[in-house]
Each structure stands twice: as structure tokens, then as C-alpha cells.
Amino acid sequence: MSFILHDGDLPNNFSVSDSIAVDTETMGLNPTRDRLCVIQLSCGDSEAHIVRLDEKTGYKAPNLKSILSDRSILKIFHYARFDLSMINTYLKINCEPIFCTKIASKIARTYTDRHGLKDLCRDIIGIEISKQQQSSDWGKKELSKEQLKYAADDVLYLHKLKDKLEIMLKRENRLKLANKCFEFLPARVELDLKGWSDYDIFSH
């Protein structure tokens, strides 16, 4: 397992086959207030690419945007709803198609209420990851080794989790339902960003 840090964008020769794991690190949980600092990616090959972004670079990142908006590449997230909100706000792009391991877990693993990434890694693939750096300062000039490892861990196992969760969803005849939820995510994100984040539009 390794990681490579990039400033501002991915290199021109960065290539992806059919899927990529994606996660973000931010200054907080409010897309209209808290800026996007880092996007990390993995092609499922035990290597994480960590792209540090800031207002100085203007969030241009043409190579990163090209990959994230490529509809021939599946983007695998954990809690896609938040990451997509940040990407939409700062990179001004939509990411489709999507697979969200949190949604998949909630639909497949109804025997538990533990659907965090740490829980999934432990319960499904037997890997322990640390969430200690989750609330650290991602906007500082130099990221620590602990932060970089944390960022890498957030994407390195998503391909394996997707594969395991898909097996469970198929077994329980719920894969079609999960896919419909994934397809709805861009609309859910648009609702969030336009002011309906805390309002259930399907309620009476």
C-alpha cells in the first residue's frame, strides 16, 4: 500500500480503466462555507493518489476533472452524498456513474446499524483502519504523514468493499434497488445544495 501526493492536479499520463475510488477531505461539513482541500483516488491497485487543492490553483485541475466527469468510469465513494456536494461546489462538475458503499451497506446489511467505513473494512474485509485524522486541519500548507495515510486508507479498500457488497446485494435481490439509489444521488445533491438538505421532500 502506498500513496503519491500531487499539487493542484493529476499528472497528464494518469490513466484509469473502468472504475476509480474517490474521497474528499475538507475544512468542515458545510459545502457553502468549508472549502475542499484534498481529493484522493485509487484504481484498486494498492496505490492512492492524493491531490491537494486550494484557492491559489483556482480548482482548475483539468486532468482530475476529466476523469471524475468521464461517464465511462465508475466512481466508487463511501458516503457519496457529501463528496459529490463538495466536488460539485468547487470543481463545478458532476460525477456519474456512482457506487456508494455506505448506501450499499445500508441496503444489504440490515442486520446492523454500523455502516461507517471503519466498520465496513473491519467487518467485511478484515482490515482495521484508523479514523484519528478525520477532524484534523486539511487546509494547512504541509500535510503530515498521518494525514496522508488516513487519506489513502479512505480509498484503498473501496474496490474490495464494492465487490463484497455487490455479492450481498445480489444474494438478497437488492442490487437493482441500490442502483436506483445511486442514480438518484445527483438529484439528492442538487436538493442539498439548493436548500433542502434537512428537509424530507417525500414526507407528508
- Task: Just give me the residues in segment 120-145 being surrounded by fewer than 15 Cβ atoms within 10 Å (Cβ to Cβ), under 19 Å from the mean Cα position of the chain (by Cα) and under 27 Å from residue 56 (Cα atoms), in sequence order.
- Result: 134, 135, 136, 137
- Within segment 141-160, is there a residue that is touching a helix residue (DSSP H, G or I) at 6+ places or on another chain (Cβ under 6 Å), more than 25 Å from residue 6 (Cα to Cα), touching a residue at least 12 places away in the same chain (Cβ under 8 Å) and not aromatic (Phe, Trp, Tyr)? no
- Message: Can you pull out every residue in segment 180-204 that is among the hydroxyl-bearing types (Ser, Thr, Tyr) and either within 21 Å of the chain's Cα centre (by Cα) or closer than 16 Å to residue 106 by Cβ (or both)?
- Response: 197
- Select the strands (runs of 3 or more DSSP E) contained entirely in segment 27-105, then report the ones holding at least 2 residues which are surrounded by fewer than 24 Cβ atoms within 10 Å (Cβ to Cβ) and in contact with a Pro (Cβ under 8 Å, 6 or more places away or on another chain). none
- Query: Quick one: is residue 154 acidic (Asp, Glu), closer than 24 Å to residue 30 by Cα, within 16 Å of the chain's Cα centre (by Cα) and not in a loop (DSSP other than H, G, I, E, B)?
  - Reply: yes
- Task: Considering every residue within segment 165-173, establish whether at least one is out of contact with any Leu (no Cβ under 6 Å at 6 or more places or on another chain), β-branched (Val, Ile, Thr) and not in a helix (DSSP H, G or I).
- Result: no
- Residue by residue through segment 1-52, note down the ones that are closer than 16 Å to residue 67 by Cα and among the aliphatic types (A, V, I, L, M). 10, 16, 20, 21, 22, 38, 39, 41, 48, 50, 51
- Query: When you scan segment 118-140, how many residues do you find that are at positive phi and touching a residue at least 12 places away in the same chain (Cβ under 8 Å)?
  - Reply: 0
- Tell me which of these residue 176 doesn't satisfy, since it passes every other one: (1) loosely packed, with under 12 Cβ neighbours inside 10 Å; (2) assigned to a loop (DSSP other than H, G, I, E, B); (3) not β-branched (Val, Ile, Thr). (2)
- Could you give me the residue pairs with C-beta distances under 8 Å whose first residue belongs to segment 103-117 and is touching a residue at least 24 places away in the same chain (Cβ under 8 Å) and among the charged types (D, E, K, R), whose second residue is part of a loop (DSSP other than H, G, I, E, B) and surrounded by fewer than 23 Cβ atoms within 10 Å (Cβ to Cβ) wherever it lies, and which are 6+ apart or on separate chains? 109/115
- Message: Given the criterion touching an Asp or Glu at 6+ places or on another chain (Cβ under 8 Å) and of a type in the set (Ser, Thr, Tyr), identify the matching residue among 42, 72, 46.
- Response: 72
- Which condition number does residue 79 fail, the rest of (1) at pLDDT below 95; (2) on the phi > 0 side of the Ramachandran plot; (3) of a type in the set (Ser, Thr, Tyr) being met? (1)
- Item | Failed criterion for residue 32 (all others in (1) in contact with an Asp or Glu (Cβ under 9 Å, 6 or more places away or on another chain); (2) in contact (Cβ under 8 Å) with a residue 24 or more places away in the chain; (3) farther than 16 Å from residue 154 by Cα; (4) not basic (Lys, Arg) hold) | (1)
- Quick one: is residue 9 surrounded by 15 or more Cβ atoms within 10 Å (Cβ to Cβ), closer than 30 Å to residue 196 by Cα and among the charged types (D, E, K, R)? no
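The values are calculated or read from the model by the stated rules, or taken from the named source; none is laboratory data. Note that the structure is predicted; figures quoted are calculated from it, not measured. Note: ideal-geometry Cβ built from the backbone for every residue, glycine included; neighbour counts use all protein chains shown.
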